[in-house]
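S.K.: Shown below is the structure under consideration.
The values are calculated or read from the model by the stated rules, or taken from the named source; none is laboratory data. If you're wondering where the values come from, they're calculated on a predicted model, not measured in any experiment. Neighbour counts run over all protein chains shown; Cβ positions are idealised from the backbone, glycine included.
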Amino acid sequence: MIAPARGFTLLEILIVMVLIGIITSFALLSVGGGPRERLAEEAQRLTALVELHQQEAALSGEARGIQFARTGYAILRQDEKGAWQAPAAAGTLIQHQLPPEIVLGLWVEGRLAPLKESVNRPQVLLLASGETTEFVAVFGLADEQGRGPDASLYRVASDPMGRLTAGAVTR
């Protein structure tokens with residue numbers, strides 16, 4: 001007697017294909033994140049980095065600073081001679097390159113600050129006393145520049161006492 005041929009039915013194959021599609025959709029939604037989520041992540045990253053280096057400045061007794069540029073930002077420390085240089089730490093904790101679709105604006109003590117790549121001097125100081133230069137860093141999407149009230153913006157702000165706030169800009 002010959003054994004009947006075994007295989008998958010069309011219905012079984014279709015069910016598997018639908019399940020794979022659903023799982024892939026959930027994976028893309030959870031990993032991808034939209035542009036607004038990327039702005040929120042950048043604001044949270046800067047907030048965490050500033051808080052970390054505020055504590056480092058207080059513990060080490062040496063001033064720290066943040067050098068902002070159009071493409072990102074870097075943490076600097078002041079040596080005994082007053083020169084600014086990168087602290088000895090892991091690279092991701094001292095500098096961050098922004099994704100190309102995100103732009104950065106900076107206001108220091110109520111004035112728009114120029115963002116130059118070549119200056120080796122921080123615009124924002126994190127002092128050992130816990131005081132911080134008052135600043136507002138605003139993250140936006142490059143393709144939404146000039147869209148006015150419809151543009152997605154997230155901001156990180158510090159008052160002179162070093163208290164940070166972060167969140168979406170509402171108009």
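S.K.: From T133, T170, which residue is out of contact with any Gly (no Cβ under 8 Å at 6 or more places or on another chain) and either under 17 Å from L76 (Cα atoms) or modelled with pLDDT of 85 or more (or both)?
M.R.: T133
S.K.: While we're looking at this one, here's another question. If a residue has to be exposed (fewer than 13 other Cβ atoms within 10 Å of the Cβ), in contact (Cβ under 8 Å) with a residue 40 or more places away in the chain and of a type in the set (S, T, Y) to count, how many in the stretch 105-137 make the cut?
M.R.: The total comes to 1.
S.K.: Has the stretch 65-77 got at least one residue that is modelled with pLDDT of 90 or more and of a type in the set (S, T, N, Q)?
M.R.: Checking the stretch 65-77: at least one residue is modelled with pLDDT of 90 or more and of a type in the set (S, T, N, Q).
S.K.: Ok, one more. Can you tell me which residue within the stretch 138-151, out of those that are of a type outside the set (F, W, Y) and modelled with pLDDT of 80 or more, is nearest to E109 (Cα to Cα)?
M.R.: Ranking the qualifying residues of the stretch 138-151, first place goes to V138.
S.K.: If you don't mind, there's one more thing I want to ask. Among the numbered criteria (1) in contact with a helix residue (DSSP H, G or I) (Cβ under 6 Å, 6 or more places away or on another chain); (2) modelled with pLDDT under 85; (3) not β-branched (V, I, T), which one does L126 miss?
M.R.: So L126 meets the others, but not (2).
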